[in-house]
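Heads up: the structure comes next, in structure tokens.
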There are 2 protein chains.
Amino acid sequence: MGATTATAAEGCTMSNLADDAARTDLLNRLRRAEGQLRGIQRMIEEGQPCLDIASQMAAVRKALDSTYVRMTVCFMQQELQSRLGMGEGKDGALDALLEDVQTLLGKVR
Amino acid sequence: MGATTATAAEGCTMSNLADDAARTDLLNRLRRAEGQLRGIQRMIEEGQPCLDIASQMAAVRKALDSTYVRMTVCFMQQELQSRLGMGEGKDGALDALLEDVQTLLGKVR
């Protein structure tokens, strides 16, 4: 319980992502989105049809949304472990649950 | 009416944006969004709090959405003129209408 209290005290600002793999995953997603965004600028410069540009813009939006969800799920996983002391559970039960949560959040946004 | 028929014939693919000012506006918006996206990558690399990153991601999403709406309204304006032969109308009545449409579309997305 001592750890929980300490976390609550420093919990005024929300914590960052400590896991390197999670951060790398987010960075890769954002880099891809940045590339897509440059592609759209090229399409506008080249005078491509509005409908094609619209499709690409929708794709970037989707990529950003799934990055957002991914960040939230990574955060959830990290905080379940650090604030509530949850480990992997049996047979990766926590990972499986979080994967379901990610799917659910992916539908709504 | 001849012009309308010609437009309909080539209308299998949706047309592009012909207006340079409109394209420049879209390009500027996308460049700003690209800069914001790079800023988010920096924030992740520096280990900023998830909440701050989330705010910035929401801002990029909003910027992309308003770019999308802007493109749609520019397209609408152009096609009203080219397909239906509408001009500026009296006292910029068309511009005023399209501004209202842009506001409405901005609310829903």
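How much accessible surface area, in Å² rounded to 10, belongs to the heavy atoms of B:ASP100 with a 1.4 Å probe?
90 Å²
So how far apart, in nm, are the two label points at A:GLN48 and A:MET14 if each is 7 Å from Cα heading toward Cβ?
According to this spin-label approximation, the distance is 3.3 nm.
Ignoring ligands and nucleic acids, what accessible area does B:VAL108 show with a 1.4 Å probe (Å², nearest 10)?
Taking all protein chains as shown, B:VAL108 has close to 120 Å².
Using only atoms on other chains, find how many Cβ atoms lie within 10 Å of each Cβ of peptide A:53-64 and report the average.
Partner Cβ neighbours, averaged per residue: 4.
How big is D, in µm² s⁻¹, for the stretch B:10-109 by Stokes-Einstein at 37 °C and 0.692 mPa s if Rh is the Kirkwood radius over C-alpha pairs?
210 µm²/s
Could you state the number of Å between the C-alpha centres of the stretch A:93-109 and the stretch B:29-50?
Centre-to-centre distance over Cα atoms comes out at 25 Å.
Per the 1.4 Å probe, what fraction of the accessible area of the stretch B:39-109, in percent, lies on carbon and sulfur atoms?
Carbon-and-sulfur percentage of accessible area, whole number: 55.
The values are calculated or read from the model by the stated rules, or taken from the named source; none is laboratory data. Quick caveat, the model's predicted, so the values are computed rather than measured. As a convention, Cβ positions derive from the backbone with ideal geometry for all residues, glycine included, and neighbour counts pool all protein chains shown. Calculation scope for accessible area: heavy atoms of the full protein, side chains included, ligands and nucleic acids excluded. Shrake-Rupley method; radii C 1.70, N 1.55, O 1.52, S 1.80 Å.
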